[in-house]
Amino acid sequence: MVEKRMKKYDDTDAIFFLADCYRRGGYGVRKDYKKATRLYFQAHLKGCRGAAEYLGWAYILGRGVDRDLFLGMKWYTLAAVEGSILARRGLGRMEMELDAGNTCRAMKHLLIAASAGHDESLQDLMQGYKDGHVKKYDLEKALRAHQRATDDMKSDRRDAIYEKVEDRCKRMDALNNLS
């Protein structure tokens, strides 16, 4: 069905979905990183914004392509420019690990990701503050922006659904403990 949509309608979402299936190994598709990488590249060429992040991941880890940190960072940079918070954090982490002298650039990437509400980036920033790489003013600014972003994402409907799911999980656990 997905392959039909992909070919007949030239559907970018279908291409991306199939690439994801090959990357994870799901929906009756065997894990195949080479196919996944080819499909992500095809999706990127057709304008899929999320594909660049996964291409960066593939090059950094050497999944389906030869490992190449430089190309991985290029793809991550493109994904970050397109708005990927995970790619932004990945760039920050890689800058920290690969170039110990360029912590300022790494912290800027993490500041942007944390300001968008990404929790792990905020934790990385706090560690950067402890290590002396982040100024108190910048950390406070990121904390306020992170709080605003998480507040903006909250909704009463989402909280109600979450409570129902939690309640069901507790009941399921209770039933499993009876047997």
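The values are calculated or read from the model by the stated rules, or taken from the named source; none is laboratory data. Computed from a predicted structure; not experimentally measured. Neighbour counts run over all protein chains shown; Cβ positions are idealised from the backbone, glycine included. For accessibility, only protein heavy atoms count, side chains too; no ligands or nucleic acids. Shrake-Rupley method; radii C 1.70, N 1.55, O 1.52, S 1.80 Å.
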Practice problem: Just round it to a whole percent: the fraction of Cα-Cα distances in the chain exceeding 25 Å. | Solution: 52
Quiz item: What accessible area per residue comes out for the chain, rounded to a whole number of Å², with a 1.4 Å probe?
Solution: 67
Exercise. Take ILE85, ILE161 and sort them by solvent-accessible surface of the protein heavy atoms, 1.4 Å probe, largest at the top.
Key: ILE161, ILE85
Self-check item: Spatial separation of Cα centroids for the range 142-179 and the range 55-126, in angstrom
Solution: 28
Quiz item: Got a sec to turn the phi values of the range 119-131 into Karplus ³J(HN,Hα) couplings, 6.51 cos²θ - 1.76 cosθ + 1.60 with θ = phi - 60°, whole Hz, x for Gly and Pro?
Solution: 5, 5, 5, 5, 4, 4, 5, 4, 5, x, 5, 4, 7
Quiz item: Taking a threshold of 19 Å on the Cα-Cα distance, which of the pairs LYS35/LYS74; LYS74/LYS136; LYS108/LYS130 fall above it?
Solution: LYS35/LYS74; LYS74/LYS136
Practice problem: Obtain the nm distance between the two label points defined at LEU98 and ASP173 by a simple spin-label model: each point lies 7 Å from its Cα along the Cα-to-C-beta direction. | Solution: 4.2
Quiz prompt | Choice from CYS169, CYS21, CYS48 with maximal GNM fluctuation in the chain (Cα, 10 Å cutoff) | solution = CYS169
Quiz item: In terms of solvent-accessible area of protein heavy atoms at a 1.4 angstrom probe, what is the ranking of ASP124, ASP159, highest value first?
Solution: ASP159, ASP124
Quiz item: Length gain on complete extension for the stretch LEU143 to VAL165, per 0.36 nm per residue less the alpha carbon to alpha carbon distance?
Solution: 5.0 nm
Practice problem: Grab the Cα-Cα distance for HIS133 and ARG158, subtract it from 0.36 nm times how many residues apart they are, and report the gain in nm with one decimal. | Solution: 5.4 nm
Self-check item: the chain - percent of accessible surface contributed by carbon and sulfur, probe 1.4 Å
Solution: 52
Exercise. Compute the length gained on full extension between ALA116 and TYR27: take 0.36 nm times their separation in residues and subtract their Cα-Cα distance, giving the result in nm to one decimal.
Key: 28.9 nm
Quiz item: Summing -39500 (n - 2.57) over the DSSP H runs of n ≥ 4 in the chain and dividing by its residue number, what mean residue ellipticity at 222 nm do you reach, to the nearest 500 deg cm²/dmol?
Solution: -25000 deg cm²/dmol
Quiz prompt | Computed over the range 66-178: relative contact order in percent, which uses C-alpha pairs under 8 Å that are six or more apart | solution = 17
Quiz item: Of the listed peptides 134-140, 77-83, 12-18, 108-114, what is their order by residue-averaged count of other C-beta atoms within 10 Å, with the highest listed first?
Solution: 108-114, 12-18, 77-83, 134-140
Quiz item: How much accessible surface area, in Å² rounded to 10, belongs to the heavy atoms of LEU98 with a 1.4 Å probe?
Solution: 100
